[in-house]
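Chemist: Have a look at the structure that comes next, please.
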Amino acid sequence: MPRRPTSFRAAVALVALAFTLLVGGCSSVVTGVASADPAPRPAEGVGADPVAWMDKVCGSFQPMLDAAQKTPDLANARDLPTIKKSFSDYLGAVLAGVQQARSQLRAAGKAPVSGGDDVVGRIDGLYGQFETSLSEAKTRVDGVDPNDATAFQAALTDATNSLTKLSQSGGGLGDTKPFIRLNRAADAAPNCQKLGSR
């Protein structure tokens, strides 16, 4: 039986780690005292409810986090073709989660508070980095012959290195402390509270 590449577990773990670091950057927004402006308000932009808007922004992380946490079961992976398929399917699922997250983030619309559009732009940029890196990693894994253990190991190593670099640059959405209303809205938004507790 071909030797199971040791980098497979590491690569899977790095996907989850990278998303944890990205969420860590978002959770830095979750500070301050809860404060919601009075209704009625438009759904987005100036005059909209900042708490409802921020809840959408933080909620956009959920699809990719859900996908990243569904790691493949390696206990029953007895050969390299099975491992290849498991890893490729996993990367594909996480990639789809990132794409859905990005779509939900954009659907939040214009920010009703100062600094909000800037933060969303940075989050979208990080989503874009994840999307590119995951797509490249999946392409490398899909293109390798699983019966060539050396080449397969190299492909997993390349994918792991790519995700490692991503995890090292994935955190930090910048300083939001000057934006008091943004921080207060995040503190009151249920989805932001969930991210802050991770």
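Chemist: In the range 104-119, what residues are surrounded by fewer than 22 Cβ atoms within 10 Å (Cβ to Cβ), in a helix (DSSP H, G or I) and in contact (Cβ under 8 Å) with a residue 24 or more places away in the chain?
Modeler: GLN104, LEU105, ALA107, ASP118, listed by residue number.
Chemist: Which of the residues spanning the range 63-94 are surrounded by 14 or more Cβ atoms within 10 Å (Cβ to Cβ), in contact (Cβ under 8 Å) with a residue 60 or more places away in the chain and charged (D, E, K, R)?
Modeler: Passing the criteria: only LYS84.
Chemist: Quick one: in the range 141-151, of everything that is surrounded by 14 or more Cβ atoms within 10 Å (Cβ to Cβ) and over 13 Å from GLY92 (Cβ atoms), which residue is farthest from the chain's Cα centre (by Cα)?
Modeler: The selected residue is ALA149.
Chemist: So for the range 122-137 (the condition being surrounded by fewer than 21 Cβ atoms within 10 Å (Cβ to Cβ) and farther than 30 Å from PRO190 by Cα), does at least one residue qualify?
Modeler: Yes - at least one qualifying residue is present in the range 122-137.
Chemist: Those residues that are out of contact with any helix residue (DSSP H, G or I) (no Cβ under 9 Å at 6 or more places or on another chain) and in a loop (DSSP other than H, G, I, E, B), I need them from the range 73-103; list them, please.
Modeler: ALA75, ARG78, ASP79 - these are the residues of the range 73-103 that are out of contact with any helix residue (DSSP H, G or I) (no Cβ under 9 Å at 6 or more places or on another chain) and in a loop (DSSP other than H, G, I, E, B).
Chemist: Let me ask you something else. Can you find even one residue in the range 163-176 that is modelled with pLDDT of 75 or more, over 15 Å from the mean Cα position of the chain (by Cα) and not in a helix (DSSP H, G or I)?
Modeler: Scanning the range 163-176 turns up no residue that is modelled with pLDDT of 75 or more, over 15 Å from the mean Cα position of the chain (by Cα) and not in a helix (DSSP H, G or I).
The values are calculated or read from the model by the stated rules, or taken from the named source; none is laboratory data. Small disclaimer: the values here were computed from a predicted structure and weren't measured. Backbone-built Cβ (ideal geometry, glycine too); neighbour counts: all protein chains shown.
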